[in-house]
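Heads up, the thing below is written out as structure tokens.
FYI, it's all coordinate maths here, none of it is from the lab. On a predicted model such as this, the values are computed, not experimentally measured, just so you know. So basically every Cβ, Gly included, is an ideal-geometry build from the backbone, and we count neighbours across all protein chains shown.
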Amino acid sequence: MANKALSTRQKMRLRVEPSQQFGKPRNPLAALAKARAAGPHAKPLSSERHEAKQALRKVKLVADEDD
């Protein structure tokens, strides 16, 4: 079985590919999807109900003095 590890004099080098700014993109649809405006999804209705219940609990109930 061959020794696949690097010997002591060899160094690991990362290959740096030339940038593809001026070349044809790999997937032309990917650039369109990246440029499209995307945002967060809407909150579920159950979380909105839960927040409303929490807000009601925080509000202090005070009787009207106008009566």
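Key figures
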read-out: GLU51 versus LEU32: modelled label distance in nm, points set 7 Å from Cα along the beta carbon direction; value: 3.4 nm
read-out: Virtual spin-label span in nm between HIS41 and ASP64, 7 Å along Cα→Cβ; value: 4.4 nm
